[in-house]
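Trainee: Here it is, the structure in full.
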Amino acid sequence: MSRIFSRTGARLDLGAALRGHESVLLCLAAMVLFAASDVIAKHLSMTYHPFQIAWFRYLAASILLAVVCLRFGWPERSTAAVEQFIRGIGMAGATILLIAALSLQPLAEATALVFISPCIVTFLCVLILKESVPGLRWVGVVGGLIGVLVILRPGFAEYNPAALFSIASAACWATALVMTRRAVLADSLVTTLAYSSLTGLVLLSATMPFFFRQLTAIDLVLSVATALLWLSAHVAIAYAYRRPEAQVSRLAPISYSHLIWATGLGYLVFGTIPDGMTIIGALLIVSSGLLARK
């Protein structure tokens, strides 16, 4: 039903209420899909190299994209090839580095540290996209950065050097997000997905002679599952940033919701519970992310 009733009996149009927020809803859905994909990737990383897991994601994505293209037609040549290649490299780097971080840290900690990316995105939006960022959003960005530092605890005995993989992944992801805005406005969604998939596939295929290991039947199924979840999340992101109401600096903080899903799934699947400092830092990150959306 497109219409619902409020407590006062007034009739509300649900479609109208959601109109203009489609990009936000798509980003929220993408974060759920990313978290589910990360859980499977962490499990696989106990046996396989991060390069192989990332390569299989790109292989599955490229095959699925080829099937779609056979049905609906092949993508056109990009009119923003430089932005597309930078986006593809950034996405591949973010994927590889995050899987490496997941293999060395609990899911919640590895995921939480990635959320320095909205801070980087906001800076890049100002420098590259020339977007105007309200002062209150800057307060949220600073609060999110403080939350990341609380989790990272630099200089303390609990400091884990593996955290650098998460931070490097965040930098790559931020670059990819900014390039996404430019790429999807210049090219079709199919063209954007094609460039991203093929860029990652070509780069990672060159490493397979060194890292490939035969998969078991169950691991093959899991690899397909993580690839499909990961691809679906990226499709949702691309659609979100293509929406007319989309603004990169507004959508970026929504990625904080990924942390909530990662924490819950990490507990349900691996039985890991974040320590007190991680919880405090995560709450600060989430609160700051909500503030940055205002």
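Trainee: Could you grab me the full set of residues in the range 67-94 that are among the charged types (D, E, K, R) and under 17 Å from the mean Cα position of the chain (by Cα)?
Mentor: Correct list: Arg87 only.
Trainee: Which residues, counting only those in the range 265-285, are free of Cβ contacts under 8 Å to residues at least 60 places away in the same chain, assigned to a helix (DSSP H, G or I) and either surrounded by fewer than 14 Cβ atoms within 10 Å (Cβ to Cβ) or in contact with a Gly (Cβ under 8 Å, 6 or more places away or on another chain) (or both)?
Mentor: Of everything in the range 265-285, those that are free of Cβ contacts under 8 Å to residues at least 60 places away in the same chain, assigned to a helix (DSSP H, G or I) and either surrounded by fewer than 14 Cβ atoms within 10 Å (Cβ to Cβ) or in contact with a Gly (Cβ under 8 Å, 6 or more places away or on another chain) (or both) turn out to be Leu268, Gly276.
Trainee: Right, here's the next one. Taking the criterion of being within 21 Å of Ala94 (Cα to Cα), buried (at least 21 other Cβ atoms within 10 Å of the Cβ), touching a residue at least 40 places away in the same chain (Cβ under 8 Å) and not hydrophobic (A, V, I, L, M, F, W, C), would at least one residue in the range 151-165 satisfy it?
Mentor: no
Trainee: Hey, any hits in the range 84-95 for a residue that's buried (at least 18 other Cβ atoms within 10 Å of the Cβ) and farther than 19 Å from Leu193 by Cβ?
Mentor: The answer is no; no qualifying residue exists.
Trainee: Determine if the range 173-185 includes at least one residue that is over 17 Å from Met91 (Cβ atoms) and part of a helix (DSSP H, G or I).
Mentor: Just the residues of the range 173-185 that are over 17 Å from Met91 (Cβ atoms), to begin with: 185.
With the extra rule that they be part of a helix (DSSP H, G or I), the set shrinks to 185.
Yes - at least one qualifying residue is present in the range 173-185.
Trainee: Pull up the range 35-83, narrow it to residues that are among the basic types (Lys, Arg) and more than 30 Å from Ile128 (Cβ to Cβ), then point me to the one that is surrounded by the most Cβ atoms within 10 Å (Cβ to Cβ).
Mentor: Lys42
Trainee: Could you please give the count of residues in the range 190-229 that are in contact with a Phe, Trp or Tyr (Cβ under 7 Å, 6 or more places away or on another chain), among the hydrophobic types (A, V, I, L, M, F, W, C) and under 19 Å from Leu64 (Cα atoms)?
Mentor: Total meeting the criteria: 3.
Trainee: Could you pull out every one of the helices (runs of 4 or more DSSP H) wholly within the range 52-143 that has 3 or more residues that are over 19 Å from Tyr241 (Cβ atoms) and without any contact (Cβ under 8 Å) to a residue 12 or more places away in the chain?
Mentor: none
Here, each number is a calculation from the coordinates, and none is a lab measurement. Small disclaimer: the values here were computed from a predicted structure and weren't measured. With ideal geometry, Cβ positions are generated from the backbone for all residues, glycine too; neighbour counts draw on all protein chains shown.
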